[in-house]
Amino acid sequence: MINTLLIANRGEIACRIMRTARELGMTTVAVHSDIDHQAQHVLQADLAIGLGGAKPADSYLLMDRILAAAHASGAQAIHPGYGFLSENADFARACEAHGLIFVGPPASAIDAMGSKSAAKSLMEQANVPLVPGYHGEAQDLQAFLDAAAAIGYPVLLKATAGGGGKGMKIVESAAAMAEAFASAQREAQSAFGDARMLVEKYLLQPRHVEVQVFCDQQGNGIYLHERDCSIQRRHQKVVEEAPAPGLPPELRRAMGAAAVKAAQAIGYVGAGTVEFLLDARGEFFFMEMNTRLQVEHPVTEAITGQDLVAWQLRIAQGEQLPLTQQQVPLRGHAIEVRLYAEDTDNDFLPASGTLKLYREPAGGAGRRVDSGVVEGDVVSPFYDPMIAKLIAWGETREEARLSLLNMLRETVVAGVQTNLSFLSRILAHPAFARAEVDTGFIPRHAEQLLPAAEPLDDRFWHTAAKAWLLARPVRSAATAATAGPWAELNSWRAGLPARSRVHLRCADLDRSFAAVDVSGCSYDPATRTLLLTDGQQRCRYPLLVGGQVLYLQWANTWQRIEPFDPIAEVEHSQQHAGGLQAPMNGSVVRVMVEPGQQVEAGAVLLVLEAMKMEHSIRAAEAGRVKAVFCSEGELIADGTLLVEMEDAP
Ligand code: MV4
């Protein structure tokens, strides 16, 4: 019996495992690195033990410390989650040696899948379909040339020790083999310390379809259907769904049976995933087996109504599988997206920083969010940049897709760059809606999925100005009492009717507004909705207030809008031969200086109005006004000389 469970992981998966462990009446023990001491998985656990360090090698990968933590806390079992030690056969063995239950397969099963070529030999013996190819001992060029000639080009060279697409090389012809082979060997040697290769027929744009299997200690094995994880970027999954769209039931049964056969061939116990490549003709081939609970397990939970972590824990305690194959439900459709902290405009570089604003979508039927962070947490560069998983279930794929799109629209992250709008574009893409998914999806549609940022037009700026006037953060009563109206950034003037002047900054652009008409418009903080009326049109915009900043949802992206004080800022106006010229056609709203006047750098000399917005013309440097060539109310053309300056005496 497991009374106390240690979770040797962090983030969303640690929180996910603890949720079920608690439901099963277990005491939960978290381990954590120094920088994670306030993380959600630590706060949610009954007990938390520090491992030290920040880097995984100094914390979550330290087997001895984790085993010591298990003993200190009285845990009988360790759940490794995914990543870190989850597929480390030595750790599984060490747990056993310490009398602890490793919630996962036997070490021998992890080992069996560790080498690609060994795994292929085992699968071959078990009659699991393999991509035609060669995975033998001989590693000379001739053996590979012969194998490639037999299966036909193009072929794919893969590192025996590799995984996740590392060390793969496509070879188009015999002429290209020698060079590609040598280069792939060098890469594999430096990446894995093992130069051994195998070669396979190269399948064109296959689908990645993986089968969830479960085996108990009594030798029973079943499958919980499949997931399509074809939408990947550089071998990183982005969207996963279950079941695989368009899979005929007999193919589902064939793949499921092959997956169970694969698991039983290696004496598997617990949750495992058998990955297949599925080609356009409906032929499937074994790729590899993941001997852990996967990130995307929630879509399987959604269509089967089962708790896979509960299954893992029950099986680890010696219980039999709770269902027979025939009893495994398959209802509706589920889609998951992975919200990553990454810079989609900069080659998807992992991003880090503080989650200044972090709002998850509302809960609801068929909606699920798995995360391990809250607003204010830091996304650190030391760990995987996944922030959360958003999962939607529906009776149909289209229902799930639309529901997930809505969830994405409700999600707000500020302070750290994310792939949020990239995810929305994938889900909204007509090819995704038509379920045209294969491993070439992202490269094929890259142009539409990563469009240049839309320029912010006048309509945006006017909406932003109204949003600011209606929803701007109220200053605290104390500040208001001492500073009075003088501290306001609008141009409140004593004895005059309220006339709002607004200076806003967004995406490194500044705009000022002389007068903003907000009649018929409103902001409801409870629903975070800005309602604008413009003639017959009524528009709603999601709007959030955080500190002194507004977040306005515009064209599916959250725009961060800040006020700025134009007087406090020095900007370099267009200065030419000692004179200041009008930057655009417009009219002179105000002349702030007279000839002979001494001004500081940045001082406002004139205010122009153009396209319904005010623009301050400032002195680039300190100096004296020599002449003013315009007067208030005057219409001026782009390039007109307005003010002449001279150096201060
Ligand atoms: C392949 C393949 C085509 N033909 N093998 C990529 C990761 C590694 N686990 C296996 N991978 C592939 N193996 C043959 N014989 C295409 C891929 C592949 C891929 C597979 C799954 C998901 C996304 C992918 C993206 C590019 C290539």
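The values are calculated or read from the model by the stated rules, or taken from the named source; none is laboratory data. Every value quoted in this text rests on a predicted model; they were computed, and no experiment measured them. Because the Cβ atoms are built from the backbone with ideal geometry, glycine has one as well, and the counts that use them run over all protein chains shown. Side chains included, ligands, DNA and RNA excluded: accessible areas come from the protein's heavy atoms. Shrake-Rupley method; radii C 1.70, N 1.55, O 1.52, S 1.80 Å.
General observations
- Mean sequence separation of contacting Cα pairs (under 8 Å, at least six apart), scaled by the length of region 110-241, corresponds to a relative contact order of 20 percent.
- Cβ-derived FRET efficiency at R0 56 Å, ALA149 paired with ASN346, nearest 0.05: 0.85
- In this label model, SER587 and ALA620 are separated by 2.9 nm, measuring between points 7 Å along each Cα→Cβ vector.
- Theoretical ellipticity at 222 nm over the chain - DSSP helices of four or more residues, -39500 (n - 2.57) apiece, nearest 500: -7500 deg cm²/dmol
- log₁₀ of I(q)/I(0) at q = 0.12, 0.22, 0.25 Å⁻¹ - region 231-316, Debye sum with one point per alpha carbon: -0.40, -1.41, -1.61
- Projecting the Cα positions of ALA69, TYR82, ALA392 onto the charge dipole of the chain (unit charges on Cβ atoms of Lys, Arg, Asp and Glu, taken about the Cα centre) puts ALA392 furthest along the positive direction.
- Judged by the mean number of other Cβ atoms found within 10 Å, the most tightly packed of the peptides 86-94, 384-392, 354-362 leads the ranking 384-392, 86-94, 354-362.
- Computed packing ranks the peptides 434-447, 540-553 as 540-553, 434-447, most packed first, by mean other Cβ atoms within 10 Å.
- Formal net charge of residues neighbouring GLY167 (Cβ-Cβ distance under 10 Å; K, R +1; D, E -1): +2
- As computed over the chain, the Cα convex hull volume per residue (Å³): 220 Å³
- Acute angle (nearest 10 degrees) that the helix 11-23 long axis makes with the longest principal axis of the chain, alpha-carbon atoms: 60 degrees
- Debye, to nearest 20: dipole size of the chain, +1 on Lys, Arg Cβ, -1 on Asp, Glu Cβ: 1220 debye
- Using the 1.4 Å probe convention, the accessible area of the chain works out to 44 Å² per residue with neighbouring protein chains retained.
- Rg over Rh for region 61-195 works out to 1.11, both radii taken from alpha-carbon positions and Rh defined as the Kirkwood radius.
- Based on Cα contacts under 8 Å between residues 6+ apart, region 599-649 shows a relative contact order of 33 percent.
- Counting only Cβ charges, +1 for Lys and Arg and -1 for Asp and Glu, the dipole size of region 137-250 around its Cα centre is about 400 debye.
- Cα-centred dipole magnitude for region 345-400, charges only on beta-carbon of K, R (+1) and D, E (-1), debye, nearest 20: 160 debye
- Sequence-distant contacts, meaning Cα pairs under 8 Å at least 6 residues apart, place the relative contact order of the chain at 8 percent.
- Cα-based helix-to-principal-axis angle, 177-192 vs the chain, degrees rounded to 10: 80 degrees
- Axis angle, to the nearest 10 degrees, between helix 458-471 and the longest C-alpha principal axis of the chain: 90 degrees.
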